[in-house]
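One structure below.
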Amino acid sequence: MAENETTPRKHKLIEYANGPSLEEINGTVEVPKGKGFLKTLFMYSGPGALVAVGYMDPGNWSTSITGGQNFQYLLMSVILMSSLIAMLLQYMAAKLGIVSQMDLAQAIRARTSKALGVVLWLLTELAIMATDIAEVIGAAIALYLLFHIPLMIAVFVTVLDVLLLLLLTKIGFRKIEAIVVCLILVILLVFVYQVALSDPNWGGVFAGLIPRAETFSSAKSIGGHSPLTGALGIIGATVMPHNLYLHSAISQTRKIDHSDAEDVARTVRFASWDSNIQLTAAFFVNALLLIMGVAVFKNGAVQDPSFFGLFQALSNTATLSNGLLISVARSGILSTLFAVALLASGQNATITGTLTGQVIMEGFVHLRMPLWLRRLVTRVISVIPVLICVMMTSGKSAIDEHTALNTLMNNSQVFLAFALPFSMLPLLMMTDSAVEMGQRFKNSLWVKVLGWISVIGLTYLNLIGLPGQIEGFFGAGATKQELLLADNIAYILIVIVLALLIWTVYELYRGNKKFATKMTAATN
């Protein structure tokens with residue numbers, strides 16, 4: 001018997017998992033008590049950085065820069081509103097994890113049926129793979145631009161980032177947080193430098209922060225894009241469903257005494273500070289990207305909005321609008337820094353995407369696999385459409401290949417419109433509930449009101465933007481029949497989304513009632 005006790009348990013590649021969220025790192029980070037505000041904040045800081053990465057991944061870049069090129073500073077207000085909504089949603093996600101000791105996927109699964117759990121798991125997996133496609137494209141292009149690796153080979157090389165993940169799993173979660181923060185700083189400093197050189201119209205920048213009627217107008221169109229489609233693109237690339245699952249899990253990495261309500265409240269407070277500071281940095285990155293689109297390039301000068309076109313434009317003095325910028329561009333430093341920031345963005349998203357995949361797999365279907373295998377499977381699946389796109393355009397002109405990759409990246413974001421309501425709505429319902437959160441930690445009235453406005457508004461915008469997104473699959477030269485087909489597909493998908501939402505809300509409401517009854521019976 002003693003011999004058996006000392007024999008290490010063999011881990012299978014896929015195991016049953018129904019324990020704490022991300023069990024290997026749950027509650028592993030010690031935090032000080034009785035220390036000053038800044039020292040305490042430093043020890044709680046980190047999870048917010050991993051979340052903020054999702055708000056500045058390669059999928060955000062094209063929408064923000066193109067929005068600036070086409071509409072000047074008009075869409076600055078959209079970036080600001082998206083960031084404020086993100087802060088509200090991430091606050092609720094972190095609070096759910098800290099107070100209930102369950103991540104969002106676990107909390108939903110505990111209140112719903114197995115069938116709905118599987119459906120929501122598959123839906124969220126599609127959203128993660130959609131963001132991974134953007135990461136593959138961004139990383140492959142960065143490798144091509146920096147090291148002149150042929151694009152086909154560069155796509156395969158992105159699979160090797162699983163080796164980076166293997167290394168990171170050995171160094172501890174606190175060091176992973178530090179690496180992510182460093183990469184965010186690289187991205188931020190690159191764009192601060194480039195925008196500072198461009199000397200933008202700061203009066204126009206601040207005026208753009210105020211929403212106007214034309215911000216969501218579909219009347220004026222430039223290059224096939226209206227302010228409405230630009231705004232929807234920014235919103236879709238900014239508020240992502242997987243970030244809510246991730247934050248509800250990694251907010252539990254700090255060691256908490258759950259029997260002490262004050263310790264729980266302190267953790268919620270500092271998690272909110274951490275999240276808001278990091279998301280403010282993400283707002284500045286996205287704002288700087290839009291300002292680049294306005295101030296760095298001459299209006300309408302860049303015809304190729306892909307990463308290739310932006311890289312070339314930063315070294316082409318004919319496209320730049322500032323004398324100092326032109327002199328620096330001749331050295332090639334602007335374009336090189338752009339590619340470095342793109343590579344850093346892709347690697348950051350690699351870490352967070354893998355952790356999120358593990359969270360939803362454990363939470364919804366109670367299965368666990370090693371992080372390296374999880375990453376390998378997701379990345380190989382995501383690589384396939386990129387490879388097909390590269391092969392199909394290999395015999396065409398460079399601009400056709402670039403446009404096709406850019407279109408694939410934008411079209412992949414359509415799955416985010418499906419998945420977002422299924423993370424936002426349950427999150428709001430559960431954090432509104434005293435059954436889940438207790439009277440002290442349930443949402444206050446102003447959080448509840450703003451939360452419902454945000455959830456209903458984002459769901460509405462995602463759904464009304466769906467026909468345009470589906471039309472994008474048929475390209476710029478789509479026929480009337482193809483556009484009609486796209487609209488019909490979109491309307492069918494909207495009906496499916498609404499039906500699934502009704503199913504989800506019904507099961508959550510019923511599950512919460514059962515849980516409340518059990519609690520009442522237990523206390524009596």
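Per the Kirkwood formula on distinct C-alpha pairs, the Rh of region 145-296 is how many angstrom?
On the way: mean 1/r = 0.0511 Å⁻¹.
The answer is 19.6 Å.
How long are the semi-axes of the ellipsoid equivalent to region 417-503, from square roots of 5 times the Cα gyration tensor eigenvalues, in whole Å, largest first?
Numbers: eigenvalues 256, 28, 12 Å².
Three semi-axes, in Å: 36, 12, 8.
Please state the charge dipole magnitude for the chain, taken about the Cα centre, from unit charges on C-beta atoms (+1 on K and R, -1 on D and E), reported in debye and rounded to the nearest 20. If you can, show how the numbers build up before the last one.
Working: 34 positive and 30 negative charges, 181 e Å.
That gives a dipole near 880 debye.
Projecting each Cα onto the charge dipole of the chain (Lys/Arg +1, Asp/Glu -1 at the beta carbon, about the Cα centre), which of Cys389, Ile470, Phe515 comes out farthest on the positive side?
Highest projection toward the positive end goes to Phe515.
Pairs Lys39/Lys448; Lys396/Lys480; Lys39/Lys175; Lys35/Lys442; Lys442/Lys518: which exceed 23 Å Cα-Cα?
Working: Lys39/Lys448 31 Å; Lys396/Lys480 26 Å; Lys39/Lys175 17 Å; Lys35/Lys442 27 Å; Lys442/Lys518 19 Å.
Listed pairs above 23 Å: Lys39/Lys448; Lys396/Lys480; Lys35/Lys442.
With the dipole of the chain worked out from charges on the C-beta (+1 for Lys and Arg, -1 for Asp and Glu) around the Cα centre, which of Asn406, Ser198, Gly208 lies farthest toward the positive end?
Among Asn406, Ser198, Gly208, the one farthest towards the positive end of the dipole of the chain is Gly208.
Given bins 10 angstrom wide, list per bin the percent of all Cα-Cα distances in the chain, short to long.
4, 19, 30, 27, 15, 5, 1, 0
Arrange the residues Glu482, Glu24 by how much accessible surface each exposes, largest first, with a 1.4 angstrom probe. All intermediate terms of the calculation are to be shown ahead of the outcome.
Working: Glu482 65, Glu24 125 Å².
Largest accessible area first, the list is Glu24, Glu482.
Which percent of the accessible area of the chain is formed by carbon and sulfur heavy atoms (probe 1.4 angstrom)? Provide the component values of the computation, followed by the final result.
Values: 14960 of 22120 Å².
The value for the chain is 68 percent carbon and sulfur by accessible area.
Over region 86-189, with the other protein chains present, what is the accessible area per residue in square angstrom, probe 1.4 angstrom?
Working: 3820 Å² over 104 residues.
The answer is 37 Å² per residue.
Ignoring ligands, DNA and RNA, what accessible area per residue does region 248-297 give at 1.4 Å, in Å²?
Numbers: 1470 Å² over 50 residues.
Spelled out: the 1.4 Å probe surface of region 248-297, per residue, equals 29 Å².
Past the 18 angstrom mark, what percentage of all C-alpha to C-alpha distances in region 361-408 do you count? Intermediate values should be presented prior to the final figure.
On the way: 549 of 1128 pairs.
Cα-Cα pairs in region 361-408 separated by more than 18 Å: 49 percent.
Determine how large the accessible area of Tyr193 is when every protein chain is in place; take a 1.4 Å probe and give Å² rounded to the nearest 10.
The value for Tyr193 is about 80 Å².
Taking a probe of 1.4 Å, how large is the accessible area per residue of region 319-475, in Å²? Could you put the intermediate results ahead of the total?
Working: 5720 Å² over 157 residues.
I get 36 Å² per residue for region 319-475.
Tell me whether region 61-133 comes out rounded, prolate or oblate; compute the Cα gyration tensor, take square roots of the eigenvalues as a ≥ b ≥ c, and use a/c under 1.5 as the rounded threshold. Let's see the in-between values first.
Working: a/c = 3.86, a/b = 1.82, b/c = 2.12.
Oblate shape, in that a/c is at least 1.5 and b/c is the bigger or equal ratio.
Where does the chain land at 222 nm, in deg cm²/dmol rounded to the nearest 500, when only DSSP H runs of n ≥ 4 count, each adding -39500 (n - 2.57), divided by all residues?
Values: 24 runs with 382 residues, N = 524.
That comes out to -24000 deg cm²/dmol.
What residue among Ala139, Phe284, Thr356 has its Cα farthest toward the positive end of the dipole of the chain, where the charges are +1 on Lys, Arg and -1 on Asp, Glu, each on the Cβ?
Thr356
The values are calculated or read from the model by the stated rules, or taken from the named source; none is laboratory data. Everything numeric here is computed off the predicted structure, so don't read it as measured data. All Cβ positions, glycine included, derive from the backbone under ideal geometry; neighbour counts span all protein chains shown. Each accessible area value is taken on the protein alone, full model and side chains, heavy atoms only, with ligands, DNA and RNA left out. Shrake-Rupley method; radii C 1.70, N 1.55, O 1.52, S 1.80 Å.
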